[in-house]
2 protein chains.
Amino acid sequence: MIENLAIVGATGAVGQEACKILAQRGLEFGRLKLLASRRSAGKRISVRGRDIAVEVLSEASFDGVDYAIFSAGGGQSRKFAPVAVEAGCVVIDNSSTFRMDAEVPLVVPEINPGDLKTHRGIIANPNCSTIVMNVAVWPLHQINPVRRIVVSTYQAASGAGAVAMEELRSQTADYLAGREIKPEVFPHPIAFNLFSHNTPIDEGGYNTEERKMIDETRKIFHEPDMAITATCIRVPVLRAHSESVNLTFERPMTPDVVRKILTGAPGIEVVDDVAANRFPMPIDASGRDEVLVGRIRQDASQPDGRGIELFLSGDQLRKGAALNAIQILERLTS
Amino acid sequence: MIENLAIVGATGAVGQEACKILAQRGLEFGRLKLLASRRSAGKRISVRGRDIAVEVLSEASFDGVDYAIFSAGGGQSRKFAPVAVEAGCVVIDNSSTFRMDAEVPLVVPEINPGDLKTHRGIIANPNCSTIVMNVAVWPLHQINPVRRIVVSTYQAASGAGAVAMEELRSQTADYLAGREIKPEVFPHPIAFNLFSHNTPIDEGGYNTEERKMIDETRKIFHEPDMAITATCIRVPVLRAHSESVNLTFERPMTPDVVRKILTGAPGIEVVDDVAANRFPMPIDASGRDEVLVGRIRQDASQPDGRGIELFLSGDQLRKGAALNAIQILERLTS
């Protein structure tokens, strides 16, 4: 049984998903505190049959709380995670704030659960695009080391929160009705459009999302020099991220071996039905715990047989965020 | 002045775009025959102020016709292109039927206009995804040979025709209204979803669209062994294709050199505004003749400096189909 638990950002897309997953997985816990900004205070949310009032996040929120899942943005994490740790609470933080901190473990439970042991109060939950790619690549990397990854993403609106999902819906309705489009959450129209992930671009030319995929994968895999390049694109999909992944292995690799390794690998479902032309799709991945992997094929551009292509879809809100955080919680308390 | 011209498949998405482009480019021509199936016969279309009745495509359609742009699907091309050639007509065929035929030139006018000289009555217009990638890669390849291409596409509904664009619109409206989704044109839901291009998959694991990008690029570039791998994905966008392109050059290459080469290259507009986070987007490429290219950056996964990443968007109906065909027509008649 988990002791007293808090969810910070309980009314957001990830916080709401975390409440659902707590119920679905039948986790036992003592008190559950739902914390959010003043705007959401007083709102009532039902979790496992308990009707809980949302409280305003404050410095006093963490007294007597054993574990807290933070999902209220980097600013709140920076401000309140140290306060929570000071109060004796273990923080699982969904923001990027502490991820690259050498003293903070960055964990995907299927990959590096051992890193949890080194925590000093804060454990970072990786970026969503990183997690869904990593659960698919890691089992292969164990058998035949991956020497290079070239990934292009197809990222859902949910990665920018519930307001972004609502913008996709309402803006699309406006477009279809011939009404004027007014982007508010995203800087560009998202209805029937796509665009480069709207995070700042560093001097190397990569945006922050791409840099996360590179740096976080290296940290999670304990491969500080792994060759990775990423192109992150936002697409008009509601809640699952898809990724086209090109891999170069140390030794020759075949699609059959890849299929065999991934079939039954933790957190993976192989969806690779050539006859029916059925492969991973975001609508199938949405609401699912598993990352769907398919289009497994030899990369014809690497004649030495070391290249494999994959296409995958994973629920950004579940394995990409809330589920991974709760799996970390389960590991910590089991 | 172009002599008598026919457009086969005049009521389809590409045929309609061809009619528009004829007017926009101010092309002079003698008689214009608009040909389509029996279903569309009698429909009237205005081209450059002339009101033209659509005629039923038949074996007699090409008497006295000098040039015909075919865009009515592979079956009609296979059946009627030889008939047209027999009648003395030069065919520019938008289907894949003759593209890999050794006796049929496959032409992107910015790249291999010289190949037009070898035609024996049929000239093939390349696949849309291939064209938009090739106009961006070719100018670079001239300066520093491209040794490997890894491309992932974000393909619009228009590639499957006007009915597919309508399905995207109506299905999205159904979804938003909570009505049941009934895919008809595409095998999977397209509203707020994406999926692997629904063409047959060969024994190498590539689908037909991907194989076209590989084989056609090699033919157009006269590089029969170029290393290319492609992942083709359909996304809920109306009419411009986007592509994430990872390149390996023979020698080290820098983003500055790439930007310099592409700025002013024929058929290209560089859209690479890091400060404003503005890069190629399908809504900006739609209706445009130029392929928009941006996110030009060094590929950090190739430490020898030979890697470059690009992201591009090009109008599938224009440069990807009708415009390229009309540019071929212009070259043939100039």
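Need the failing condition index for B:Asp115 against (1) of a type in the set (Asp, Glu); (2) closer than 30 Å to B:Gly294 by Cα; (3) within 15 Å of the chain's Cα centre (by Cα), just the number.
With respect to (1) of a type in the set (Asp, Glu); (2) closer than 30 Å to B:Gly294 by Cα; (3) within 15 Å of the chain's Cα centre (by Cα), B:Asp115 is out only on (3).
Do you know which residues across segment A:221-243 are outside any loop (DSSP other than H, G, I, E, B) and among the hydrophobic types (A, V, I, L, M, F, W, C)? So that I can check it myself, show each step before the final result.
First, pick out the residues of segment A:221-243 that are outside any loop (DSSP other than H, G, I, E, B): A:221, A:227-231, A:233-234, A:240-243.
Of everything in segment A:221-243, those that are outside any loop (DSSP other than H, G, I, E, B) and among the hydrophobic types (A, V, I, L, M, F, W, C) turn out to be A:Phe221, A:Ala227, A:Ile228, A:Ala230, A:Ile233, A:Ala240.
Looking only at segment B:261-277, count how many residues are over 25 Å from the mean Cα position of the chain (by Cα) and modelled with pLDDT of 95 or more.
Residues of segment B:261-277 that are over 25 Å from the mean Cα position of the chain (by Cα), as a first pass: B:273-277.
From what's left, modelled with pLDDT of 95 or more: B:273-274.
Counting residues in segment B:261-277 that are over 25 Å from the mean Cα position of the chain (by Cα) and modelled with pLDDT of 95 or more gives 2.
Can you report the number of residues in segment A:260-288 which are polar (S, T, N, Q) and surrounded by 16 or more Cβ atoms within 10 Å (Cβ to Cβ)? Explain how you work it out, then say what you get.
Of the residues in segment A:260-288, the ones polar (S, T, N, Q) are A:263, A:277, A:286.
Narrowing the set further to residues that are surrounded by 16 or more Cβ atoms within 10 Å (Cβ to Cβ) leaves A:277, A:286.
Within segment A:260-288, residues that are polar (S, T, N, Q) and surrounded by 16 or more Cβ atoms within 10 Å (Cβ to Cβ) number 2.
Residue by residue through segment B:197-206, note down the ones that are under 17 Å from the mean Cα position of the chain (by Cα) and more than 16 Å from B:His241 (Cα to Cα).
Here is the first cut: in segment B:197-206, the ones under 17 Å from the mean Cα position of the chain (by Cα) are B:197, B:199.
The answer is B:Thr199, and nothing else.
Restrict the check to segment A:195-202 and report whether at least one residue is at the interface with chain B (Cβ under 9 Å from one of its Cβ atoms), open to solvent by less than 50 Å² (accessible area, probe 1.4 Å) and among the aromatic types (Phe, Trp, Tyr).
Yes: one or more hits.
Please specify each residue of segment B:171-185 satisfying the condition of being out of contact with any Ser or Thr (no Cβ under 8 Å at 6 or more places or on another chain) and surrounded by 18 or more Cβ atoms within 10 Å (Cβ to Cβ).
Taking segment B:171-185 and keeping what is out of contact with any Ser or Thr (no Cβ under 8 Å at 6 or more places or on another chain), we get B:171, B:173-175, B:177-185.
Across segment B:171-185, the qualifying residues are B:Gln171, B:Tyr175.
Output yes when any residue across segment B:225-237 is out of contact with any Phe, Trp or Tyr (no Cβ under 8 Å at 6 or more places or on another chain), more than 9 Å from chain A (Cβ to nearest Cβ) and open to solvent by 10 Å² or more (accessible area, probe 1.4 Å), and no when none is.
Yes, there is a match, as at least one residue in segment B:225-237 is out of contact with any Phe, Trp or Tyr (no Cβ under 8 Å at 6 or more places or on another chain), more than 9 Å from chain A (Cβ to nearest Cβ) and open to solvent by 10 Å² or more (accessible area, probe 1.4 Å).
Please verify whether A:Phe70 is surrounded by fewer than 20 Cβ atoms within 10 Å (Cβ to Cβ) and within 17 Å of A:Leu323 (Cβ to Cβ), treating the condition exactly as stated. Walk me through it before giving the result.
On the way: surrounded by fewer than 20 Cβ atoms within 10 Å (Cβ to Cβ): no; within 17 Å of A:Leu323 (Cβ to Cβ): yes.
Taking the combined requirement at face value, the residue does not satisfy it.
Within segment B:28-67, work out how many residues are among the hydrophobic types (A, V, I, L, M, F, W, C) and under 11 Å from B:Leu5 (Cα atoms).
Step one: list which residues in segment B:28-67 are among the hydrophobic types (A, V, I, L, M, F, W, C), which gives B:29, B:32, B:34-36, B:41, B:45, B:47, B:52-54, B:56-57, B:60, B:62, B:65.
With under 11 Å from B:Leu5 (Cα atoms) added as a condition, the list becomes B:29, B:32, B:34-35, B:62, B:65.
Going through segment B:28-67 one residue at a time, the tally reaches 6.
Take the conditions more than 19 Å from A:Ile123 (Cα to Cα) and free of Cβ contacts under 8 Å to residues at least 60 places away in the same chain and apply them to A:Arg78. Does it pass?
On the way: more than 19 Å from A:Ile123 (Cα to Cα): no; free of Cβ contacts under 8 Å to residues at least 60 places away in the same chain: yes.
Here the answer is no, as A:Arg78 does not meet what is asked.
If you go through segment A:142-165, how many residues are under 25 Å from A:Thr229 (Cβ atoms), under 21 Å from the mean Cα position of the chain (by Cα) and surrounded by fewer than 21 Cβ atoms within 10 Å (Cβ to Cβ)? So that I can check it myself, show each step before the final result.
Quick first cut of segment A:142-165, residues under 25 Å from A:Thr229 (Cβ atoms) only: A:142-160.
Add one more test, that the residue is under 21 Å from the mean Cα position of the chain (by Cα), and what stays is A:149-160.
Within this subset, residues satisfying the condition of being surrounded by fewer than 21 Cβ atoms within 10 Å (Cβ to Cβ) are A:160.
Final tally of qualifying residues: 1.
Taking into account only those residues within segment A:313-322 that are more than 11 Å from every other protein chain (Cβ to nearest Cβ) and assigned to a strand (DSSP E or B), which is surrounded by the most Cβ atoms within 10 Å (Cβ to Cβ)? Walk me through it before giving the result.
Quick first cut of segment A:313-322, residues more than 11 Å from every other protein chain (Cβ to nearest Cβ) only: A:314-322.
Those still in the list that are assigned to a strand (DSSP E or B) too: A:314-315.
Values: A:Gly314: 32, A:Asp315: 28.
Only one residue fits best here, namely A:Gly314.
Just one of the numbered conditions (1) under 22 Å from B:Cys128 (Cα atoms); (2) in contact (Cβ under 8 Å) with a residue 12 or more places away in the chain; (3) open to solvent by 50 Å² or more (accessible area, probe 1.4 Å) is not true of B:Ala102; which one?
That leaves (2) as the condition not met.
Going through segment B:272-299 one residue at a time, which ones are touching a helix residue (DSSP H, G or I) at 6+ places or on another chain (Cβ under 7 Å) and hydrophobic (A, V, I, L, M, F, W, C)?
B:Val291, B:Leu292, B:Val293, B:Ile296
If A:Ser77 meets every condition in (1) closer than 17 Å to A:Leu329 by Cβ; (2) not in a helix (DSSP H, G or I) apart from one, which number is that one?
(2)
Quick one: would you say A:Ser152 is at pLDDT 95 or above, assigned to a helix (DSSP H, G or I) and within 14 Å of chain B (Cβ to nearest Cβ)? Lay out the reasoning, then the answer.
On the way: at pLDDT 95 or above: yes; assigned to a helix (DSSP H, G or I): no; within 14 Å of chain B (Cβ to nearest Cβ): yes.
So A:Ser152 does not fit the description; no.
So A:Leu168 ticks every box in (1) in contact with an Asp or Glu (Cβ under 6 Å, 6 or more places away or on another chain); (2) buried (at least 16 other Cβ atoms within 10 Å of the Cβ); (3) not aromatic (Phe, Trp, Tyr) but one. Which box is left unticked?
The one condition A:Leu168 does not meet is (1).
Which of the residues belonging to segment A:22-55 are within 18 Å of A:Val90 (Cβ to Cβ) and either in a helix (DSSP H, G or I) or open to solvent by 30 Å² or more (accessible area, probe 1.4 Å) (or both)?
A:Leu22, A:Glu28, A:Arg31
Go through A:Gly88, A:Gly114 for me and flag whichever is at pLDDT 95 or above and either β-branched (Val, Ile, Thr) or not in a helix (DSSP H, G or I) (or both). Let's see the steps before the verdict.
On the way: A:Gly114 fails: either β-branched (Val, Ile, Thr) or not in a helix (DSSP H, G or I) (or both).
Going through A:Gly88, A:Gly114 in turn, just one is at pLDDT 95 or above and either β-branched (Val, Ile, Thr) or not in a helix (DSSP H, G or I) (or both): A:Gly88.
Looking at segment B:289-309, is at least one residue surrounded by fewer than 24 Cβ atoms within 10 Å (Cβ to Cβ), on the phi > 0 side of the Ramachandran plot and in contact (Cβ under 8 Å) with a residue 24 or more places away in the chain?
Yes: one or more hits.
For segment A:240-250, give me each residue that is under 18 Å from the mean Cα position of the chain (by Cα) and either closer than 21 Å to A:Ile308 by Cβ or modelled with pLDDT under 95 (or both).
Listed by number, the residues that qualify are A:His241, A:Ser242, A:Glu243, A:Ser244, A:Val245.
Looking only at segment A:244-253, decide whether some residue is within 14 Å of another protein chain (Cβ to nearest Cβ), acidic (Asp, Glu), open to solvent by 10 Å² or more (accessible area, probe 1.4 Å) and assigned to a loop (DSSP other than H, G, I, E, B).
no
Output the number of residues of segment A:168-183 satisfying the condition of being more than 30 Å from A:Val108 (Cα to Cα) and assigned to a helix (DSSP H, G or I).
Kept after step one, since they are more than 30 Å from A:Val108 (Cα to Cα), are these residues of segment A:168-183: A:169-183.
Pick out the ones that are also assigned to a helix (DSSP H, G or I) and you get A:169-176.
Counting residues in segment A:168-183 that are more than 30 Å from A:Val108 (Cα to Cα) and assigned to a helix (DSSP H, G or I) gives 8.
Identify, please: which residue in segment B:266-305 is assigned to a loop (DSSP other than H, G, I, E, B) and under 16 Å from B:Val135 (Cα atoms) and is, among those, nearest to the other protein chains (Cβ to nearest Cβ)? Walk me through how you get there before you give the answer.
Step one: list which residues in segment B:266-305 are assigned to a loop (DSSP other than H, G, I, E, B), which gives B:266-267, B:271-272, B:274-277, B:279-281, B:286-290, B:299-305.
Next, from what is left, pick out any that are under 16 Å from B:Val135 (Cα atoms): B:266-267, B:271, B:280, B:288-290.
Values: B:Pro266: 24, B:Gly267: 21, B:Val271: 10, B:Pro280: 8, B:Arg288: 14, B:Asp289: 19, B:Glu290: 18 Å.
Across segment B:266-305, the extreme among qualifying residues is B:Pro280.
Does segment B:65-74 hold any residues that are in a loop (DSSP other than H, G, I, E, B) and either closer than 15 Å to B:Ile328 by Cα or aromatic (Phe, Trp, Tyr) (or both), and which are they? Outline the logic, then answer.
First pass over segment B:65-74, keeping only residues in a loop (DSSP other than H, G, I, E, B): B:65-66, B:71-73.
Listed by number, the residues that qualify are B:Asp66, B:Ser71.
Tell me which of these A:Ile131 doesn't satisfy, since it passes every other one: (1) touching a residue at least 40 places away in the same chain (Cβ under 8 Å); (2) assigned to a loop (DSSP other than H, G, I, E, B).
For A:Ile131, the failing item is (2).
Being outside any strand (DSSP E or B) and under 24 Å from A:Phe195 (Cα atoms) is the filter here, so list the residues in segment B:155-167 that pass it.
From segment B:155-167, those outside any strand (DSSP E or B) are B:156-167; that's our starting set.
Hits for segment B:155-167 are B:Ala156, B:Ala157, B:Ser158, B:Gly159, B:Ala160, B:Gly161, B:Ala162, B:Ala164, B:Met165, B:Glu166, B:Glu167.
The values are calculated or read from the model by the stated rules, or taken from the named source; none is laboratory data. These figures come from a predicted structure and were not determined experimentally. Quick reminder, even Gly has a Cβ in these numbers, built from the backbone with ideal geometry, and neighbours come from all protein chains shown. These area figures cover heavy atoms from the full protein model, side chains too; ligands, DNA and RNA do not enter into them. Shrake-Rupley method; radii C 1.70, N 1.55, O 1.52, S 1.80 Å.
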